[in-house]
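Structure provided below as structure tokens; questions to follow.
The values are calculated or read from the model by the stated rules, or taken from the named source; none is laboratory data. Just so we're clear, the structure is a prediction, and the values are computed from it rather than from any experiment. Cβ placement follows ideal geometry from the backbone for every residue including glycine, while neighbour counts extend to all protein chains displayed. What goes into the accessible areas is simple: the full protein's heavy atoms, side chains included, and nothing from ligands, DNA or RNA. Shrake-Rupley method; radii C 1.70, N 1.55, O 1.52, S 1.80 Å.
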Amino acid sequence: ANVNLADLDYAQGYYGSALRRYYQARDRMMEDNLDDPTLLAELKLCIANCLVKLNRGQEASILADEAVKLYRQFGIQMTTGKALREYATTLAASGRVKAALAALDEAWLCLKQGRFDSFAFATKLQRAELLLKLEYFDEAFSQAHLVKGYFEAQGMAAYTVRASLVIVDALIGKAQQVEQQEAFLQEALLLCKQAASLAHHHNLQEEAYRSHYLLGR
């Protein structure tokens with residue numbers, strides 16, 4: 001019950017309250033000597049996600065690392081891959097972007113080998129988003145363009161918009177590095193307007209805000 005309440009708090013953006021409930025659930029687990037490594041690993045990831053939202057990336061990365069080690073013991077590619085993706089998020093939040101990229105590479109292998117294609121391509125998109133932080137604009141553009149095609153074919157609108165916005169961001173970055181900027185910026189402008197329209201159509205608020213921010217740039 002505490003976990004369910006925490007999930008609701010997290011979904012509504014009440015991260016402090018969610019964190020408190022997740023901690024209570026973990027403490028109750030230990031008090032009752034409940035031997036459930038899977039649940040413990042899941043709770044560690046949930047707590048780590050809250051800590052990221054509260055700008056406590058270093059603490060979050062330690063917990064997420066512990067969760068990944070627990071999942072590796074079970075040898076289940078799906079859960080290990082998803083845990084590695086969350087671990088990468090915590091690493092990026094603590095400023096360790098290159099370490100986050102390494103975690104995503106491992107996650108990609110786990111998910112691709114297990115034939116969890118949608119999760120594998122989502123991992124590639126997450127990787128492209130991190131490449132922007134390192135200003136690897138060409139590589140970010142190529143990876144986002146690749147996954148965008150997959151998401152469009154699968155009808156996955158939210159991921160399609162995210163991939164489009166990575167491409168736009170990469171095009172803006174590329175434009176800043178060359179003298180002939182107009183071609184890059186015109187392509188970015190057209191794609192960003194399409195992404196904004198798709199985001200509004202599907203009520204993707206965060207993506208809609210980001211698309212308008214990029215239009216401003």
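Restricting to the range 136-156, what's the tally of residues that are surrounded by fewer than 14 Cβ atoms within 10 Å (Cβ to Cβ) and either β-branched (V, I, T) or part of a loop (DSSP other than H, G, I, E, B) (or both)? Steps first, please.
Of the residues in the range 136-156, the ones surrounded by fewer than 14 Cβ atoms within 10 Å (Cβ to Cβ) are 138, 149, 153-155.
Add one more test, that the residue is either β-branched (V, I, T) or part of a loop (DSSP other than H, G, I, E, B) (or both), and what stays is 155.
The number of residues fulfilling the criteria is 1.
Tell me the residue from E66, E42, E31 that is of a type in the set (D, E), open to solvent by 50 Å² or more (accessible area, probe 1.4 Å) and farther than 27 Å from D117 by Cα, please. Full working, then the answer.
Values: E66 fails: farther than 27 Å from D117 by Cα; E42 fails: farther than 27 Å from D117 by Cα.
So the residue among E66, E42, E31 that is of a type in the set (D, E), open to solvent by 50 Å² or more (accessible area, probe 1.4 Å) and farther than 27 Å from D117 by Cα is E31.
Specify the residue that is surrounded by the fewest Cβ atoms within 10 Å (Cβ to Cβ); the eligible residues are those in the range 166-191 that are in contact with a Lys or Arg (Cβ under 9 Å, 6 or more places away or on another chain) and not β-branched (V, I, T).
Result: Q181.
Which residues, taken from the range 188-217, are in contact with a helix residue (DSSP H, G or I) (Cβ under 6 Å, 6 or more places away or on another chain) and without any contact (Cβ under 8 Å) to a residue 24 or more places away in the chain? Step through it out loud before you land on a result.
First, the residues of the range 188-217 that are in contact with a helix residue (DSSP H, G or I) (Cβ under 6 Å, 6 or more places away or on another chain): 188, 191-192, 195-196, 198-200, 202, 204, 207-208, 210-211, 214-215, 217.
A196, H200, A208, listed by residue number.
Filter the range 104-135 down to the residues that are open to solvent by 40 Å² or more (accessible area, probe 1.4 Å), closer than 23 Å to T90 by Cβ and polar (S, T, N, Q) and list them by number.
First pass over the range 104-135, keeping only residues open to solvent by 40 Å² or more (accessible area, probe 1.4 Å): 105-106, 108-109, 112-113, 115-119, 124, 129, 133-135.
Still in the running and closer than 23 Å to T90 by Cβ: 105-106, 108-109, 112, 116, 118-119, 124, 129, 133-135.
Within the range 104-135, just S118 meets the criteria.
A further question follows. Please go through the range 6-16 and give me each residue that is part of a helix (DSSP H, G or I) and either open to solvent by less than 30 Å² (accessible area, probe 1.4 Å) or on the phi > 0 side of the Ramachandran plot (or both), ordered by number. Step through it out loud before you land on a result.
Step one: of the range 6-16, the residues part of a helix (DSSP H, G or I) are 6-11, 15-16.
Answer for the range 6-16, where residues must be part of a helix (DSSP H, G or I) and either open to solvent by less than 30 Å² (accessible area, probe 1.4 Å) or on the phi > 0 side of the Ramachandran plot (or both): A6, D9.
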